[in-house]
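The values are calculated or read from the model by the stated rules, or taken from the named source; none is laboratory data. What you see is a predicted model; the values in this text were computed from it and never measured. Counting neighbours? That spans all protein chains shown, and the Cβs are built from the backbone with ideal geometry, glycine included. Calculation scope for accessible area: heavy atoms of the full protein, side chains included, ligands and nucleic acids excluded. Shrake-Rupley method; radii C 1.70, N 1.55, O 1.52, S 1.80 Å.
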Amino acid sequence: MNYGISILFRAIPLVMALFCFGYGAFIYGYGDAGNRVVAGPVVFSLGMICIALFCTAATIIRQIIHTYNQTAKYVLPIIGYLAATITIISGICIFSNATSTSAFVAGHVITGVGFITTCVATAATSSTRFSLIPGNSKATDNEVPQGAFSVGQRRILVIIATIISLIAWIWAFVLLGNSHSHPAYFVAGHVMVGLACICTSLIALVATIARQIRNEYLEKERSKWPKLVLLMGSISFIWGIFVILADSGSANGTTGYIMLGLGLVCYSISSKVILLAKIWRQEFKLANRIPMIPILTALACLFLAAFVFELATE
């Protein structure tokens with residue numbers, strides 16, 4: 001990777017963060033309708049995920065181009081976790097002080113976005129020794145290389161992602177359990193299910209990176225972790241279809257489209273997990289095709305968004 005391309009790849013998540021912040025502020029400020037109270041802050045909060053993604057990209061790329069140092073090793077993960085903390089606290093404050101249904105939903109969704117940001121920041125932390133993976137992949141033994149994570153550090157990284165995912169799942173079912181009392185719980189609960197699926201998918205990414213860094217990635221894990229991510233994507237996607245078919249004529253039905261999109265995000269994450277699995281100690285001729293997965297899912301989300309915009313006119 002040359003230096004120019006490295007700058008481009010690091011700039012992309014920052015540009016997307018600026019887009020989310022600007023677009024979210026525009027939506028929120030361009031009127032006082034309830035749907036803007038939901039969409040504006042939620043889109044704004046998605047920029048925090050982009051910040052955490054920048055931290056992950058910068059952590060890996062700086063190792064590839066040999067500009068990684070002790071400052072970046074600690075500062076980048078801290079920035080990711082700081083973005084996650086701000087997002088979670090903001091979401092809790094919004095739904096705790098909500099005076100409207102829209103604010104209640106927005107607060108819960110933003111909190112869930114904060115959970116995802118935490119998992120992405122954990123992926124950034126697990127990538128701080130990413131440069132060890134190519135050497136481990138070429139090795140013929142399972143000896144732990146010098147400078148790798150300790151067993152305790154590897155477990156902590158996976159445990160963090162796992163705990164966050166469990167919190168998201170419990171939160172989702174608590175909301176769904178109260179959906180009979182108010183439609184807001186129905187919407188927030190179903191969206192939180194999709195967000196929990198993404199958090200669970202990120203467990204696979206964190207575990208794959210951390211275990212390959214320690215050179216303890218097993219043969220059975222080639223299929224284990226990718227299957228987990230694909231399962232989460234399918235759960236969110238199929239669940240979303242059922243929600244749409246069950247109640248397509250109301251706002252509750254449109255929640256299903258959000259779940260479709262969140263399922264597509266899980267499929268996008270699968271590309272990273274699959275790629276790391278397929279090239280571990282073997283050649284994979286289609287490795288350069290795997291990055292097409294997030295491109296296709298991104299296009300699918302854009303087409304889906306355009307379709308939902310059309311629904312909004314009816």
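The convex hull drawn around the Cα atoms of the range 211-267, when projected onto a plane and averaged over every direction, covers 4.3 nm². Extending 7 Å from the Cα toward the beta-carbon at both Asn178 and Ala306 defines two label points whose distance is 4.0 nm.
The alpha carbon centroids of the range 69-136 and the range 165-192 are separated by 20 Å.
Volume per residue of the convex hull around the Cα atoms, evaluated for the range 90-146, comes out as 98 Å³. Against the empirical 2.2 N^0.38 Å (N residues), the range 38-88 has a Cα radius of gyration ratio of 1.31. Each label was represented as a point 7 Å from its Cα along the Cα-to-Cβ direction; for Asn2 and Ala72 these points are 1.9 nm apart.
Could you state the orientation-averaged shadow area of the convex hull built on the Cα atoms of the range 258-298, in nm² to one decimal? Write down the numbers at each step before the final one.
On the way: hull surface 10.5 nm².
Average projection, Cα convex hull of the range 258-298: 2.6 nm².
Extents of the chain, largest first, come to 59, 36, 34 Å (Cα atoms, principal axes, whole angstrom).
Which semi-axis lengths, in whole Å and largest first, follow from the square roots of five times the eigenvalues of the Cα gyration tensor of the range 1-158? The partial results should precede the final answer.
Values: eigenvalues 261, 67, 21 Å².
After scaling each eigenvalue by five and taking roots: 36, 18, 10 Å.
Across Glu221, Glu310, Glu283, the residue with the most accessible area heads the list, and the full order at a 1.4 Å probe is Glu283, Glu310, Glu221.
The mean accessible area for residues of the range 228-314, using a 1.4 Å probe and ignoring ligands and nucleic acids, is 58 Å² per residue. For the range 71-132, the per residue solvent-accessible surface stands at 35 Å², with DNA, RNA and ligands left out and a 1.4 Å probe. Computed over protein heavy atoms with a 1.4 Å probe, the carbon and sulfur contribution to the accessible area of the chain reaches 71%. For the residues Leu286, Leu53, Leu264, a 1.4 Å probe over the protein chains yields an accessible-area ranking, largest first, of Leu286, Leu53, Leu264.
Tell me the volume per residue, in Å³, of the convex hull enclosing the alpha carbons of the range 165-314.
Numbers: hull volume 15.5 nm³, N = 150.
Residue-normalised Cα hull volume stands at 103 Å³.
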